[in-house]
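Coordinate-derived values only; no laboratory data. Note that the structure is a prediction, hence the values are computed from the model and not measured. No Cβ is skipped: glycine too gets one built from the backbone with ideal geometry, and neighbour counts run over all protein chains shown.
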Amino acid sequence: MSILATTAFLTGVAVVIAISLNWVLGQIGLIDFTWRIFAATTIVTILTGAPIIVYSQFIIREMKSSRRMLRKMTERLAWAFHNAERANEAKSHFLANMSHELRTPLNAIIGFSDIMRNERFGPMGNERYREYARDVNDSGIHLLGIINDILDLAKIEAGHATMESETEFDTGAAIGSAERMVRPMAEERGVRLAVDVSNCAPRLIGVERMVRQVLINVLSNAVKFTESGGLVTLSAEYRSQGNFVISIADTGIGMSPDEIKLALTPFGQADNMMTRKQAGTGLGLPLAKAMMELHGGRLMVRSEKGAGTAIILIFPGTRIASAPLPVETALAG
C-alpha cells in the first residue's frame, strides 16, 4: 500500500477506536456523549494521528532500506573476508612449500664460500678475494636465517608445523645455549646480560630447537633495543597454577600499547630512531609467540615507553616432565 492509502486506513481505525472509547465512557456515565463530542473526537484524532502515522511510515521505510543496505554490506564483507582468508592461506602454503627451493641454493652458496673463505684447497692469491668470500659467506648465512624465520612462521600459519620431534629436555641447557649465542652481541653493544635460573630449571616436554629459538629471539631483541650501559635479565620461576615462567626484561627503549601490537605482527616494527638503526625483518617476536602457542604456552609483553620491556614466556604445567634441577647440575649436564 502507498503512504497515502496506509495513512487513511490507519487514521480511520484510530478515529473508530477513539469514538468507541468515548461512547463507552458515555455509557458508564463518565461523560455526556453527544454529536459535539463525536465531531471533536474525530477532528482531534485526525489532526494528531495522521502526522504521527505518516512520520512513522517514513521511519519504518528508512529502517527497511537501511537493513537492506546493511545486509548487502555484510554479504560483501563476508565475501571479501573469505577471499582474504583464501589468499592468506595460499600465501602461507606457497611459502611453506618454498623451503627446499630457497634453502638448497643458499646452503650451496654458504658451503662453497666457506671453502673459499678458509682456502681449503690452497691460497686464493689475493687478499681481496678472501674478503669477498667472507662477505658472500656472511651474507648467505644472514639471508638463510631470515628465510628460515619466514618459512617457519609460514609453516605454523599454514598448519604444517608439527610437534613430532617432541622430547624431554633440560631447560637449563637450553637457556645456557641461548645465553652463549647472545652474549657476544651483548658484549659488542656494551649491554650487561644477567641470567639467574638457580634451582628452577625443570625438564620440559617439547621441541627443544623451538624453545631454544624462542629464547634466542627474545634475548637478542632485548639486547638489540637496549642502549650501551643497559641491562638485560633472564629469570625463571614457578607460578601458583603450576606453570613454569621465564621472564626476560631489559632497560631499553620500551614500547607503547600500539607499538606492542605492531611488534607482535609479522614484519612489524615500531618506527623510531632506535629501531631504524637495527637490521631485522620484525619476525622475532611473532615467531616466538607462534612457537610458544604450539607448546600450549603463552608469550606476554609488558612494556612502557622509555622504561624498558619484559617478555614473559609461560609454559603450562602439563609440559613439565620432572622436578627442577639445581642450575649448576643442569648446565653441567
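Details
- Amide H contacts for residue 195 (H built 1.01 Å from N in the peptide plane; partners 5 or more residues away or on another chain; cut-off under 5 Å): 234.
- In this simple spin-label model, placing a label point 7 Å from the Cα along the Cα-to-Cβ direction at both residue 177 and residue 165 gives a separation of 0.9 nm.
- Amide H partners (placed H, <5 Å) of residue 201, local residues excluded: 325
- The stretch 220-227 - phi-based ³J(HN,Hα) in whole Hz, Karplus 6.51/-1.76/1.60, Gly and Pro as x: 5, 4, 4, 5, 4, 9, 10, 5
- Counted residue by residue at 0.36 nm each, then reduced by the alpha carbon distance between them, the extension gain from residue 83 to residue 61 reaches 4.6 nm.
- 3J(HN,Hα) along the stretch 207-217, derived from phi through the Karplus expression 6.51 cos²θ - 1.76 cosθ + 1.60 where θ = phi - 60°, amounts to 9, 4, 4, 5, 5, 5, 5, 4, 5, 5, 4 Hz, with x in place of Gly and Pro.
- Size of charge dipole - the stretch 3-76 - debye, nearest 20, with Cβ of Lys, Arg +1 and Asp, Glu -1, no other charges: 640
- Shown in residue order for the stretch 128-136 are the 3J(HN,Hα) couplings computed by the Karplus curve 6.51 cos²θ - 1.76 cosθ + 1.60 at θ = phi - 60°: 5, 4, 5, 5, 5, 4, 5, 5, 4 Hz (x for Gly and Pro).
- Once the Cβ-Cβ distance of residue 48 and residue 70 is raised to the sixth power relative to R0 = 35 Å, the FRET efficiency obtained is 0.60.
- Ranked by how many other Cβ atoms sit within 10 Å of their own Cβ, fewest first, the residues 292, 116 fall in the order 116, 292.
- Summarising the label geometry, the points placed 7 Å from Cα in the beta-carbon direction at residue 302 and residue 5 lie 7.1 nm from one another.
- Length gained when the stretch residue 134-residue 189 is fully extended (0.36 nm per residue, less Cα-Cα span): 17.6 nm
- Debye-sum result for the stretch 20-76 in log10 I(q)/I(0), which assumes one identical scatterer on each alpha carbon, at q = 0.30 Å⁻¹: -1.06
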